[in-house]
1. Report the rotationally averaged projected area of region 28-114 based on its alpha-carbon convex hull, in square nanometres.
2. Measure off 7 Å from each Cα along the Cα-to-Cβ vector at ALA9 and SER105, then give the distance between these two points in nanometres to one decimal.
3. Suppose every K and R has +1 on its Cβ and every D and E has -1 on its Cβ; what is the size of the dipole of the chain about the Cα centre, in Debye to the nearest 20?
4. Projecting each Cα onto the charge dipole of the chain (Lys/Arg +1, Asp/Glu -1 at the beta carbon, about the Cα centre), which of ALA54, THR22, ILE115 comes out farthest on the positive side?
5. Quick one: net charge around VAL133, please, counting Lys, Arg +1 and Asp, Glu -1 for every other residue with C-beta under 14 Å from its C-beta.
6. Using a Gaussian network model of the chain with C-alpha springs under 10 Å, which one of ASP128, ASP116, ASP159 is most mobile by mean-square fluctuation?
7. Using the scaling law 2.2 N^0.38 Å as the reference, what is the normalised Cα Rg of region 4-191?
8. For the chain, what does the helix formula give at 222 nm: sum of -39500 (n - 2.57) over DSSP H segments with n ≥ 4, over the residue count, nearest 500 deg cm²/dmol?
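What follows draws every value from the coordinates through simple rules; no lab data is involved. Since we're looking at a predicted model, the values are computed, not measured. Cβ coordinates were reconstructed from backbone atoms using ideal geometry, including for glycine residues, and neighbour counts include every protein chain displayed.
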Amino acid sequence: MLTPEQLMAAQKANMETLLGLTHKAFEGVEKLVELNMQLARAALSDSADTAKAALSVQDAQALLALQAEWLQPAAEKAVAYNRSLYDLAQAAQAEWVKAAEAQMSAAQQNLHALIDTAAQSAPAGSEDAVALVKSAVTAANQAFEQVHKAARQAADIADANLQAMAGRAAAAGKAATHSAAKASKTATRSKGSRRGA
């Protein structure tokens, strides 16, 4: 059995863990708000610059050139924002996983201590039952470790997929910019050849 002191120590540890996680959650929210404010400021500034530039456009070719000039930075900013969101989520998840692992480790230690205490006061002839309980606990711990390892591998795969998607998004932004610039040049040449005719 657990003593009152052990129960109080466990409750204190649980409260400290909860307060620490709450603090980390607020830090994450603050970072998210800060990121969104930076994005809003940048978007407002970019929109104002783009609107001013669009108002000074004299023809369709200049508008196409302006669009081409705007596409790639917008795609790059979207990729950077999504990466920042992912990094914030990863940091928060890491804190929660760390706390969960610490709690699980403490629970395992307490369970082993409880089993050892029970084994010492068990009646003679119950050694097989105690060994069976210890074996079951060991098997459960090994199963937990396997699940944890699989979850880590899944997180690594998700991270690799995100990196690949970010690369494809950046490439698509560059391709769109290149296509828009090429269309603008073609339109400019067409206009020039019509004037010469």
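1. For the Cα atoms of region 28-114, the hull's average projected area reads 6.9 nm².
2. Computed distance between label sites ALA9 and SER105 equals 1.6 nm.
3. Values: 19 positive and 19 negative charges, 376 e Å.
Taking the Cα centre of the chain as origin, the dipole is about 1800 debye.
4. Value: ALA54.
5. Net of charged neighbours comes to -2.
6. In this elastic network of the chain, the residue with the biggest mean-square fluctuation among ASP128, ASP116, ASP159 is ASP128.
7. For region 4-191, the normalised Cα radius of gyration comes out at 1.80.
8. Working: 3 runs with 183 residues, N = 197.
Taken over the chain, the calculation gives -35000 deg cm²/dmol.
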